[in-house]
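Got a structure for you, written out below as structure tokens; questions coming shortly.
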Amino acid sequence: MPAAANSQWSPTSWRTKPIKQAVDYPDPTALNSVLTNLRSLPPIVTPTEIQTLRNALRDVAQGSAFLLQGGDCAELFSYCEAGPIDAKIKLLLQMSLVLIWGANKPVVRIARMAGQYAKPRSSPTETLPDGTTAPSFRGDILNGYEVHERALDPNRLRDAYMHSAATMNYVRAQLASGIADLHSPMDWGLGHVRDPDLQVKYGRIVDSIRDSLRFMRTIGADTAGQLKTVDLFSSHEGLVLEYEEALVRRLRKPAGFPSRRRPSRVRMTANGLVDDLDDDEAFGYYSTSAHFLWIGDRTRQLNGGHVEFFRGLENPIGIKVGPTMENSELVELLDIVNPKKEIGKVTLITRYGAGKVEDKLGAHIDAVKASGHIVVWQCDPMHGNTHSTSTGVKTRSFAAIFKELASALRIHKLHDSYLGGMHLELTGEAVTECVGGSEGLEEEDLSLNYTTYCDPRLNEKQALELAFLVAEHYRAEDDNDVAI
């Protein structure tokens, strides 16, 4: 086992390690004031919710569920409005409905939302159209997109907490109010999707669900309460460790959490709570900023601050795996962050690019299998397929995105493995940022509604179309199994 996995951990031990994408605030006193405030604020998410996700990801890792994760590349504070939040919720629900229909398995839904405010950048500065140089936009949690807002501002850390909390509050309220009720799936609407074929395909699935629900009512088996809501978890890249550290809480693990309990001494505290004096196994360190955090491909150094921070969390975590990852490095990284080899604790988010997935994925699968780790394998077909047009506009090809995803599905099957999910940058709006898809967007169409502040996203139609392509892959696979 790597020495790092055996060394003492605390929420601050990452500060003893080298760190990539560091944030150098000019006023440490102002930063400390904000961090002190954040440490006193209530959690945004709870251990019970986190454990529910861990249980669900264990199912995904073992092949009995599918993981859908999606949302904005760089979430802005201004997205904290009812309309944009509803659009993303409905799109993820629509896509998960299609995937359930295709894969015949439960779908675990994680949104890149309520905290995805930071973005790693390849350079701390950028050249503006007028030839001048300015600090790069690093996400609303650190600075603003407008040139006059590019100075690092620690108060934005507090703003990030407030917008995350408000977003999660609204998401919980909408889910509790029946936005996900399967009794009326067409209420989710298809928004900006006007393609007749997609409308017909989605309508066919809805009709099938309605027929099933009608039959369940007839025989008295309609468990209505279970059909009116779903779990929707939050996630973001754990990039700004000062912020993440301030929101770590040592909390009691939920009832039923498997632990090696020892006989312990208890006492009554001043506020009437039972204090467990001996049993450290009953408590854990939780990141309460989101249910799920991931380490980016730029910050996964074995001896780096991000890996050190992540290895002590009870939360399920993700690791982006790019084409430069060596097999031995991947296994050592898993040993550090998951030394007990807990099933589904780690999600490996592969992002090679359509031209490199064939060369890299199979070897990574074999190395992980040989190590004894059982992970969630998730395909991110977005980040490895970004390119710029002749005019310098960043875009992605829908064909390349689907090619990488289809290749991942096939390679996992060849290696007796299971692709557990997909990780997409998407929006519920009718943007024109990725070329291709059934609507035939071309480079000259990008200017019609190109609104991203970072990387290009799939629009609602493209995202739903991708869900149908994956669902049809699984249905065709099932048909072949039956034929055999």
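The values are calculated or read from the model by the stated rules, or taken from the named source; none is laboratory data. Since we're looking at a predicted model, the values are computed, not measured. So basically every Cβ, Gly included, is an ideal-geometry build from the backbone, and we count neighbours across all protein chains shown. Ligands, DNA and RNA are excluded from the accessible area calculation, which covers all protein heavy atoms including side chains. Shrake-Rupley method; radii C 1.70, N 1.55, O 1.52, S 1.80 Å.
Out of the residues in segment 67-100 that are acidic (Asp, Glu) and open to solvent by less than 10 Å² (accessible area, probe 1.4 Å), which is farthest from the chain's Cα centre (by Cα)?
GLU75
When only residues in segment 195-210 that are modelled with pLDDT under 80 and among the hydrophobic types (A, V, I, L, M, F, W, C) count, which is farthest from LEU466 (Cα to Cα)?
ILE209
Among (1) at pLDDT below 70; (2) assigned to a loop (DSSP other than H, G, I, E, B), there is one condition PRO254 misses while meeting the rest; what is its number?
It fails just one condition, (1).
Out of contact with any strand residue (DSSP E or B) (no Cβ under 9 Å at 6 or more places or on another chain) and either part of a helix (DSSP H, G or I) or at pLDDT 95 or above (or both): does that describe SER33?
Working: out of contact with any strand residue (DSSP E or B) (no Cβ under 9 Å at 6 or more places or on another chain): yes; either part of a helix (DSSP H, G or I) or at pLDDT 95 or above (or both): yes.
Yes, satisfied.
Yes/no matrix, rows are residues, columns are (1) at pLDDT 95 or above; (2) charged (D, E, K, R); (3) within 18 Å of ARG39 (Cα to Cα):
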site: ARG138; (1), (2), (3): yes, yes, no
site: GLY144; (1), (2), (3): yes, no, no
site: LEU152; (1), (2), (3): yes, no, no
site: ALA165; (1), (2), (3): yes, no, yes
site: MET168; (1), (2), (3): yes, no, no
site: ARG172; (1), (2), (3): yes, yes, no
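OK, next. Considering every residue within segment 111-124, establish whether at least one is farther than 30 Å from ASP207 by Cβ, of a type in the set (Ser, Thr, Tyr), out of contact with any His (no Cβ under 9 Å at 6 or more places or on another chain) and open to solvent by 20 Å² or more (accessible area, probe 1.4 Å).
yes
Output the number of residues of segment 313-356 satisfying the condition of being more than 13 Å from ARG54 (Cα to Cα) and not in a strand (DSSP E or B).
Here is the first cut: in segment 313-356, the residues more than 13 Å from ARG54 (Cα to Cα) are 319-341, 348-356.
Going one step further and asking which of them are not in a strand (DSSP E or B), we end up with 322-341, 351-356.
Of the residues in that region, 26 qualify.
Which of the residues spanning segment 10-66 are of a type in the set (A, V, I, L, M), within 20 Å of ARG250 (Cβ to Cβ) and open to solvent by 20 Å² or more (accessible area, probe 1.4 Å)?
As a first pass, look at segment 10-66 and keep what is of a type in the set (A, V, I, L, M): 19, 22-23, 30-31, 34-35, 38, 41, 44-45, 50, 53, 56-57, 60-61, 65.
The next check asks that each one be within 20 Å of ARG250 (Cβ to Cβ); those that pass are 35, 38, 41, 44-45, 50, 53.
Once the filter is applied, which keeps residues that are of a type in the set (A, V, I, L, M), within 20 Å of ARG250 (Cβ to Cβ) and open to solvent by 20 Å² or more (accessible area, probe 1.4 Å), segment 10-66 yields only LEU41.
Here is a follow-up. Among (1) open to solvent by 20 Å² or more (accessible area, probe 1.4 Å); (2) at pLDDT 95 or above, which single condition is ASP478 missing?
(2)
So GLU429 ticks every box in (1) of a type outside the set (Val, Ile, Thr); (2) open to solvent by 10 Å² or more (accessible area, probe 1.4 Å); (3) more than 23 Å from ASN449 (Cα to Cα) but one. Which box is left unticked?
(3)
Name the residues in segment 43-62 that are outside any helix (DSSP H, G or I), more than 20 Å from CYS379 (Cβ to Cβ) and not β-branched (Val, Ile, Thr), would you? Even if it seems obvious, please write down each step before you answer.
The initial filter retains those residues of segment 43-62 that are outside any helix (DSSP H, G or I), namely 43-46, 62.
Adding the requirement that they be more than 20 Å from CYS379 (Cβ to Cβ) leaves 43-46.
The answer is PRO43, and nothing else.
Taking segment 442-465 on its own, how many of its residues are among the charged types (D, E, K, R) and either over 29 Å from ALA118 (Cβ atoms) or open to solvent by 30 Å² or more (accessible area, probe 1.4 Å) (or both)? Write out each step before concluding.
Residues of segment 442-465 among the charged types (D, E, K, R): 442-445, 455, 457, 460-461, 465.
Those left that are additionally either over 29 Å from ALA118 (Cβ atoms) or open to solvent by 30 Å² or more (accessible area, probe 1.4 Å) (or both): 442-445, 465.
So the count comes out to 5.
Condition check ((1) free of Cβ contacts under 8 Å to residues at least 12 places away in the same chain; (2) aromatic (Phe, Trp, Tyr)) across all residues:
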| residue | (1), (2) |
| --- | --- |
| ALA114 | no, no |
| GLU126 | yes, no |
| LEU152 | no, no |
| MET162 | yes, no |
| TYR170 | no, yes |
| ALA176 | no, no |
| ASP181 | no, no |
| LEU198 | no, no |
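Evaluate the following for PHE468: is it closer than 19 Å to LEU361 by Cβ and either surrounded by fewer than 17 Cβ atoms within 10 Å (Cβ to Cβ) or among the aromatic types (Phe, Trp, Tyr) (or both)?
On the way: closer than 19 Å to LEU361 by Cβ: no; either surrounded by fewer than 17 Cβ atoms within 10 Å (Cβ to Cβ) or among the aromatic types (Phe, Trp, Tyr) (or both): yes.
For PHE468, the condition - closer than 19 Å to LEU361 by Cβ and either surrounded by fewer than 17 Cβ atoms within 10 Å (Cβ to Cβ) or among the aromatic types (Phe, Trp, Tyr) (or both) - is not met.
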